[in-house]
Amino acid sequence: MKIKAKSLSICVVACILVFLSLPAFARPANPGQDQGTAQTQSVEKGKKAEPGPGKEIGKGGADIGKGTGKGAESLGKGTAGAAGNLVTLHPGKAGADLGKGAGGAGKDVGVGAGKGAAKIGKGSAKGIGKLGKKMVGKGGKKKETDE
């Protein structure tokens, strides 16, 4: 009989503890969020953020790749046109097509490399600027000075 009483009392105590702990689990995950916080969040969402230095460098590499691809396409078209004209015994047109292809390839590769290098430089400068601010300790919260 003593064993049943002990197990019954342990069961009653466990049920009471579970019952009392239920309100703790029913609380919202982010308590204390008022309307002031919601207003600042909506203002921040409307603001367009600048890409980070890594993304800028990546876009620069992509631009270089695009320029190289367009240049290869242009060179391929010019070479194919020149080969077709040589087969049909038009050497003058073949030279012109080959020159157009080579010129277009040079232009496309040059433009892509220029754009890509500019973006890579911009991204690198952003990264160095952030690193410098961290080293010097600037760029944090603004401190008020009494003058």
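The values are calculated or read from the model by the stated rules, or taken from the named source; none is laboratory data. Note that the structure is a prediction, hence the values are computed from the model and not measured. Note that each Cβ is placed from the backbone with ideal geometry, even for glycine, and that neighbours are counted across all protein chains shown. Just so you know, the surface numbers come from the protein's heavy atoms only, side chains and all, with ligands and any DNA or RNA stripped out. Shrake-Rupley method; radii C 1.70, N 1.55, O 1.52, S 1.80 Å.
Annotations for the structure displayed:
- For VAL87, solvent-accessible area (1.4 Å; no DNA, RNA or ligand), Å²: 120
- Spin-label proximity, LYS100 to the range 50-89 - amide N less than 14 Å from point 7 Å beyond Cα toward beta carbon: 74-86
- Largest to smallest accessible area among LYS55, LYS126 [probe 1.4 Å]: LYS55, LYS126
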